[in-house]
Amino acid sequence: MTGLVIFGGVHRVANFSAIVVPIMAGLYLAIAAYVVVVNITEIPGVLAMIFQSAFGLEQAFGGSVGAAISMGVRRGLFSNEAGMGSAPNAAAAAEVSHPAKQGFLQALGVFLDTLIVCTATAAIILLSDSYAAGNGEGIVMLQNALSEQIGSWAPAFVAVSVFLFAFSSIAGSYYYGETNIEFIKKSKNAVLGFRLATMAFVFIGAVASLGFVWSLADLFMAGMTLINIAAITLLGGVAFKVLRDYEAQRAQGLNPRFSARKLGIENTECWDVEEEEIAQGAVQAAAADATKG
């Protein structure tokens, strides 16, 4: 299916995922909410277990606090991709009057993804007997835990949901990569090589051991993050300038509109086009008023 999308351009498959995935995500959150409500009296103990396991005295004396924090950072980065530089590919495609608006929305996405969805998953697992018994690992443990709460149909639901989440992520990540390759250089050979590499990694990820897949993902994510940190450092001044402009317009009670020229920011082709269109519209409106006069 990945090959059909990236080689054949069968966009209907990707479009189908774009419609179904939000529905499946909503159902998953609804089920998680049901599990939490049914076991509401156990939630304080679950949260206490999480914090004790991460920052307890036993872990401190055992020297595992650093390992727990390291694991948390890696899994959190995998979950929301904050700081990796991948999410801005999608954010940049949004049509907003000011880039700071989309920036705030992206920050909200980190909160929803990690603190809501991931905490819901943790609650489902920790409220089950599967966790205490060590029944399975990874997604299998979630399937076993959820089947205890809502019945035998849970494993199939989780499998379908994860498949759709994963497939839409593969398609989306592929298009991120292709767009960036074409931005660097228009080369059919480079795009073909990237397509073949994508297919290879999809295959490896499907058949390799869970530990190897996690290690490989951590390695590549670390590389992306280090590169992106350099970009963030270079663009930090521009970002704060844009944020101050947004806040100033909000303080005046305005719906913020971005002007790259006004802020002295260069290399903003898409925003420059919009400014030209606005200026042309203003000229045409003035000419129409003059004609009416």
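The values are calculated or read from the model by the stated rules, or taken from the named source; none is laboratory data. In this text, all values refer to a predicted model and were calculated from it rather than measured experimentally. In this analysis, Cβ positions are derived from the backbone assuming ideal geometry, glycine residues included, and neighbour counts consider all displayed protein chains.
Take the stretch 75-118 and flag every residue that is more than 19 Å from THR233 (Cβ to Cβ), surrounded by 16 or more Cβ atoms within 10 Å (Cβ to Cβ) and in contact with an Asp or Glu (Cβ under 7 Å, 6 or more places away or on another chain). Matches in the stretch 75-118: ASN80 only. Among the residues making up the stretch 1-50, a single one is over 25 Å from the mean Cα position of the chain (by Cα) and at pLDDT below 80: GLY8. All conditions in (1) part of a helix (DSSP H, G or I); (2) modelled with pLDDT of 80 or more; (3) closer than 30 Å to LEU243 by Cα; (4) within 17 Å of the chain's Cα centre (by Cα) hold for ALA100, with the sole exception of (4).
Exactly one residue out of GLY177, GLY193, GLY172 is assigned to a helix (DSSP H, G or I) and free of Cβ contacts under 8 Å to residues at least 12 places away in the same chain, and it is GLY193. List every residue pair whose Cβ atoms sit under 7 Å apart, with the two residues 6 or more apart in sequence or on different chains, where the first one lies in the stretch 71-92 and is under 16 Å from THR179 (Cβ atoms) and the second, anywhere, is of a type in the set (D, E, K, R). Close Cβ pairs satisfying both conditions: ALA87/GLU81.
A count restricted to the stretch 174-191 and to residues that are modelled with pLDDT of 85 or more and under 16 Å from LEU4 (Cβ atoms) stands at 2.
For the stretch 125-139, the set of residues classified as part of a helix (DSSP H, G or I) and either at pLDDT below 85 or exposed (fewer than 12 other Cβ atoms within 10 Å of the Cβ) (or both) consists of ASP129, SER130, TYR131, ALA132, ALA133, ILE139, listed by residue number. Among the conditions (1) under 30 Å from GLN52 (Cβ atoms); (2) modelled with pLDDT under 85; (3) of a type outside the set (Lys, Arg), PHE165 misses just one, which is (1).
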